[in-house]
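Structure first, commentary second.
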């Protein structure tokens with residue numbers, strides 16, 4: 001009797017395509033996460049909830065610079081929002097955004113508005129005593145500890161793996 | 001004249017060394033989303049690896065049993 005065995009899977013095929021699948025997965029993740037980061041900045045959200053409101057001094061500095069005092073905490077001029085760009089290795093942002101996400105201590109006593117700019121809102125240019133003040137973290141950027149996927153995304157990726165395993 | 005030219009050439013030869021990473025000198029910072037995604041993908045694959053290995057072993061054993 002001649003026995004014929006047919007298999008419906010091929011581990012060799014899977015091994016060959018995993019690298020490409022992971023690479024596509026990374027590209028998609030970078031795009032999705034950069035969009036999510038933009039949404040957080042526009043809405044004034046951290047990765048877990050709402051950002052801490054602007055301090056009174058923060059509101060005054062915005063008025064002096066001619067920015068909206070009511071827009072979200074990290075979205076005064078739109079500079080940070082517009083700096084969020086997906087690139088091959090991740091998401092590029094203005095470094096100010098990273099400091100804000102981690103929290104920092106102010107080093108200077110700035111005169112606002114800076115340089116030769118005129119004060120807006122009918123206010124006078126003034127110096128703020130900010131040096132040594134701790135700015136609390138507005139954690140709007142994920143790190144590898146907090147970055148988690150929706151189950152659906154991981155399941156879809158695993159479905160692709162399953163497909164690649166089939167002959 | 002040659003002397004001056006030589007001195008000028010020497011003036012242009014200098015090595016500039018900046019400590020730290022190049023990103024420290026740029027206004028842009030990188031959020032390493034690519035690394036994070038890779039980690040997620042790897043852990044997803046690793047979590048299913050046991051099942052794949054079992055399936056592979058089972059298939060091999062089955063083939064051996066019916067061909068021996």
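The values are calculated or read from the model by the stated rules, or taken from the named source; none is laboratory data. None of the values given here were measured: they were computed from a predicted structure. Ideal geometry is used to build each Cβ from the backbone, glycine not excepted, and the neighbour counts take in all protein chains shown.
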Has region A:103-110 got any residue that is outside any loop (DSSP other than H, G, I, E, B) and within 28 Å of the chain's Cα centre (by Cα)? yes
Quick one: how many residues across region B:43-64 are under 25 Å from residue A:149 (Cβ atoms) and within 8 Å of chain A (Cβ to nearest Cβ)? 5
Go through region B:35-47 residue by residue and tally those that are closer than 16 Å to residue A:165 by Cβ and surrounded by 13 or more Cβ atoms within 10 Å (Cβ to Cβ). 3
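Yes/no matrix, rows are residues, columns are (1) at negative phi; (2) more than 8 Å from every other protein chain (Cβ to nearest Cβ); (3) touching a helix residue (DSSP H, G or I) at 6+ places or on another chain (Cβ under 7 Å):
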residue: A:11; (1), (2), (3): yes, no, yes
residue: A:24; (1), (2), (3): yes, yes, no
residue: A:42; (1), (2), (3): yes, yes, yes
residue: A:116; (1), (2), (3): yes, yes, no
Return the residues of region A:72-105 that are out of contact with any helix residue (DSSP H, G or I) (no Cβ under 7 Å at 6 or more places or on another chain), away from chain B (no Cβ under 13 Å) and buried (at least 17 other Cβ atoms within 10 Å of the Cβ); say none if nothing qualifies. A:73
Out of the residues in region A:134-167 that are away from chain B (no Cβ under 14 Å) and outside any loop (DSSP other than H, G, I, E, B), state the one that is surrounded by the fewest Cβ atoms within 10 Å (Cβ to Cβ). A:134
Can you name every residue in region A:48-57 that is surrounded by 17 or more Cβ atoms within 10 Å (Cβ to Cβ) and either touching a residue at least 40 places away in the same chain (Cβ under 8 Å) or within 14 Å of chain B (Cβ to nearest Cβ) (or both)? A:51
Would you confirm, using the coordinates I've provided, whether residue A:16 is under 30 Å from residue B:61 (Cα atoms), away from every other protein chain (no Cβ under 11 Å) and in a helix (DSSP H, G or I)? yes
Confirm whether residue A:30 is in a helix (DSSP H, G or I), touching a residue at least 12 places away in the same chain (Cβ under 8 Å) and under 23 Å from the mean Cα position of the chain (by Cα). yes
Do you know which residues across region A:117-133 are exposed (fewer than 11 other Cβ atoms within 10 Å of the Cβ) and either at pLDDT below 90 or not in a loop (DSSP other than H, G, I, E, B) (or both)? A:127
List the pairs whose first member sits in region A:86-100 and is over 16 Å from residue A:74 (Cβ atoms), whose second member is in a helix (DSSP H, G or I), and whose Cβ atoms are under 6 Å apart, counting only residues at least 6 apart or on separate chains? A:86/A:30; A:86/A:31; A:86/A:34; A:89/B:34; A:90/B:33; A:90/B:34
Give region A:33-54 a look and list any residue that's part of a helix (DSSP H, G or I) and in contact with a strand residue (DSSP E or B) (Cβ under 8 Å, 6 or more places away or on another chain), or say none. A:33, A:34, A:37, A:39
Could you say which residue among A:148, A:166 is under 27 Å from residue B:47 (Cβ atoms) and within 17 Å of the chain's Cα centre (by Cα)? A:148
